[in-house]
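Please treat every number below as a calculation from the coordinates, not as lab data. In this text, all values refer to a predicted model and were calculated from it rather than measured experimentally. No Cβ is skipped: glycine too gets one built from the backbone with ideal geometry, and neighbour counts run over all protein chains shown.
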Amino acid sequence: MIDYLQFVLAPQMVTGLSLGVAVILVALGLTIIFGLLDVINMSHGEFYAVGAYLALALGAAGLNFWLLLVLVPLLMLPIGFLVEKGLIQRVFNSPDRHTTTLLLTFGLGLVIEETLAVIFGPNTQRPPTPIRGAVEVFGVMLPNYRMFLIGFGLSVVAAVALVIYRTRLGAMVRAAAFDRHMAASLGVPVGFVFAGAFAFGIALAGLAGVLLAPVYSVFPTMGRDFILLAFTVVIVGGMGSIAGAVVAGLVLTQIQAISSLFISPVWSDPIVFGILVVMLVVRPQGLFGRLGRG
Amino acid sequence: MVEAATGPVADPARGARPIDRIGLAMRASHLLALLLLAGCLVFALVAWRTGDVFYLRLATEALIFAGLALSVDILLGYTGLLSLGQALYFGLGAYMSAVLLRSGWSFAGVMAAVLLGATVVSFLGGLIVSRVRGVYFALITFGMAQVAAKAVYNTRELGASDGLIGVPIVKIALGFTTVSSDSPIGFFLFVLGFMVLLYLALSYLLDTPFGRILIAIRSNERRVPFLGYQPQRARLCAYVAAGIVAALSGALYPMLRGFVSPELMSFTTSGNAVITVVTGGAGTLVGALYGSVILTALRSVIGSWTSHHLIVIGLIFMAVVIFFPRGLIGVIRARLESWLVRRRTR
C-alpha cells in the first residue's frame, strides 16, 4: 500500500499537477480574453505552440532558459496586441460577435500552425531539460524541473490574481469587463485595456509553451491537442472566471492523471469530456462567476 | 447569412402585394444551383471526352465534401449554430459504409443502415448539444468529435490509425441502369445527382414552417418561445437533419476512395467544412456546394506547388470573414435577388 503510494500514485499526481499548472496558464489567458472581450480565441493553442517554438529556436541560438522564461512572454505581447488591434477589432462590432471572432481566430490558428510547420518542419523536437535531477521527499522521487514548473506557474497565477484584484490597473480591467461603456465614460482606456488583456492572455499561453516544451515535445499541432483540455477547464470553471480556471485546472488534470492508472490513458480524454457534458447539463455557467461580476 | 426574417416587405410597384424575402432568396439559390449543375455537366462531358480520371475523382470528392458542408450550413447558416465537429457524422457514415461494404452489403442496405445509425447517434448527441447554444455549442460539438475521433483512432477493430482499406467496388442499381463505383464518370454523375437531391430536400425542408422556425432562432431566439415554438426542440431537429446529411455524404466516401481513415473524423475535416460554408456563403445552401468545388480546385492548384496550401486557404478564409462576411454566394445572391425583384416589378 505504502509502496503503491510512493512509487505509483504520488509521482503520477506530481506529473498531473505540473500539467495542471501549465493548463491553468493557458486557460487563464482564454478566460481573461473571454471575460473581457467576449471573444473565444480558437488560436490560443497555436500561440502556446508559438511560445514553445520561440523557446526552442532561441534556446538553440544559445540563449539561457531563464532568460527565455522572461523574453518569450515579452515577445508574445506585441504579437497579441497587433492581433487584437488588427484582426479582432475589425469584426468586434459585427452582429454575431461570438461566431465571427471564433471563425476568425480559427483561421488564424490554421495559418499559424502551418507557418510553424513551414519554418520548423513537421517533426517532433525536444529542447534539453533546463534543471536536471530529482529530490526525494518522504521516499517519493520528485523531478526538479517539474517541481520548479509547479512552483513558478503557481506564483505567476497568484501574481495575475493579485494584479487583477488588488491594483488600480486590475480595477480598470474588471470595470471594463463589467460594463465597457460605463468604464469608458469613467475614463478607462477600454480599447487599450482590451488589446492589453488579449496580449497578456497570449503571453501566458506563450509562457506555458516555454515551460512545457522540455517536458512534452514540440510539434506544429501541439496546440490542438492541448486546447480541448484548456477549453474544458474554462467551461467547467466558468467562462471568464480566474478562480474557476485554477480550481477546474487542478481537479481535471488530477482526475485525468489518477484515472489513467486504472484505465487506458486513451480513455482519460472521454472522462474529462464527460465531466464537461455533465457540467453543461447541471450548471452551464460553470463553477464560478464571470470576471468583473462578484 | 440569411436575411433577418422581418416579415413580408411591401413592394412599392404593386402596392399591397408583399414580397417573400426568404422565398425570393431561395429562388435565387435555385438559379445558382442550376448554373452549378450545368457547369458540372459540361465538366463531365469534357472529362469524359478526354478520358480523364484524376479530375473526375477529385470533383466527385469535392461533391461528397459539399454534402458535409451542406450539413454545416443547416446549423450555421439557418439555425445560427456553429458546429466544429460535423466530421463526427461524416466519419460515422464513412466507417459504417466501409464496414458494411466489406461484409458484402448492397448499396441500398448500406445507405439505409447509415440513415438509421446517423438518426440514432445524432439524436443522442442532439440531446446534449441542443441544451446549449453560441460558443458552448461550438465547443461541445468540437469536444464530442475529438473524443469520437480519438476512440476510433485507438480501436483496433476499426483499423486504428491506419483506417480500413480494401472496401470493395459497389454496384448501384438505379432501376434504369447500374452504376459501378469504380467508373469515374458514372460515379461522378451519381454523386452529382445525389447532391442535387440532398440540396432539393434541404431547400424544401427549410422552406417549411419548421425551416422558418430555424431562421427565426437564428435571428432572435428569445422571441421564438413567445410565438409558441420550442427553440430547443427545433435545434434538436436541425441537428439530427444535419447529422443525417453529413453521414449520408460520408457513406459515399469509401465507395469513391476504397478506404476510410480517422482523418475523416478529425478536426481538420470539420474545420474544412466550416471554411467551405463561410467562404461559399452561409445560409445559402448553394454556397456550400460552390465553396466545396472552389476550395477543392484551389487546394489542387496551390497543392501542385506547395504542400502548405493551408496557409493560403487560411488567409483567404480570414479575409472572407473580415471583408465579406456573407461569403461569395451571399454577395452574388444579393445582386441576383434585386435583379429578380426588378424583373417582377417590370
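Quick notes
- The fewest-to-most ranking of A:Asp96, B:Asp162, B:Asp73 by surrounding Cβ atoms within 10 Å reads B:Asp162, A:Asp96, B:Asp73.
- Zone residues, region A:173-190, relative to A:Thr167, backbone N less than 18 Å from point 7 Å out along Cα-to-Cβ: A:173-177, A:188-190
- Among A:226-232, B:317-323, B:249-255, B:171-177, sorting by the average number of other beta carbon atoms lying within 10 angstrom of each residue, highest first, gives B:249-255, A:226-232, B:317-323, B:171-177.
- Gyration tensor over alpha-carbon atoms, region B:17-345, equivalent ellipsoid semi-axes in Å: 30, 25, 20
- Amide H to amide H, with H built 1.01 Å from N, B:Ile172 comes under 5 Å of B:Val179, B:Ser180, B:Ser181, counting only residues 5 or more places away or on other chains.
- Only helices enter the 222 nm calculation for the protein assembly as shown: every DSSP H run of n ≥ 4 contributes -39,500 (n - 2.57), and dividing by all residues gives -23500 deg cm²/dmol, rounded to 500.
- Neighbour-count order for A:Thr221, A:Thr100, fewest beta carbons within 10 angstrom listed first: A:Thr221, A:Thr100
- For the protein assembly as shown, the dipole from Cβ point charges (+1 on Lys and Arg, -1 on Asp and Glu) about the Cα centre works out to 1740 debye, to the nearest 20.
- Region A:6-44 residues near the modelled A:Leu142 label - backbone nitrogen below 20 Å, point 7 Å along Cα→Cβ: A:6-25
- Taken along its principal axes, the alpha carbon cloud of the protein assembly as shown reaches lengths of 80, 62, 47 Å, longest axis first.
- Sorted by Cβ density within 10 Å, fewest first, the residues A:His98, A:His44: A:His98, A:His44
- Once backbone amide H atoms are built at 1.01 Å from N, A:Ala134 has A:Asn144 as its partners under 5 Å, excluding neighbours fewer than 5 places away on the same chain.
- Taking a Cβ cut-off of under 11 Å around B:Ser130, the surrounding Lys, Arg, Asp and Glu residues balance to a net charge of +4, with basic ones at +1 and acidic ones at -1.
- Relative contact order [Cα under 8 Å, 6+ residues apart], region B:17-345, whole percent: 33
- Legend: helices of chain B (whole DSSP H runs) are marked when their alpha-carbon atoms reach 30 angstrom or more along the helix axis and their mean Kyte-Doolittle hydropathy is at least 1.6; marked are B:107-129, B:184-205.
- Region B:156-213 - convex hull of the alpha-carbon atoms, volume per residue in Å³: 163
- Chain A: DSSP helices with Cα axial extent of at least 30 Å and average Kyte-Doolittle hydropathy no lower than 0.5: A:10-37, A:97-120, A:144-166, A:190-212, A:242-262
- Of B:Leu115, B:Gly291, B:Pro325, farthest towards positive along the dipole that unit charges on Lys, Arg, Asp, Glu beta carbons give region B:17-345: B:Pro325
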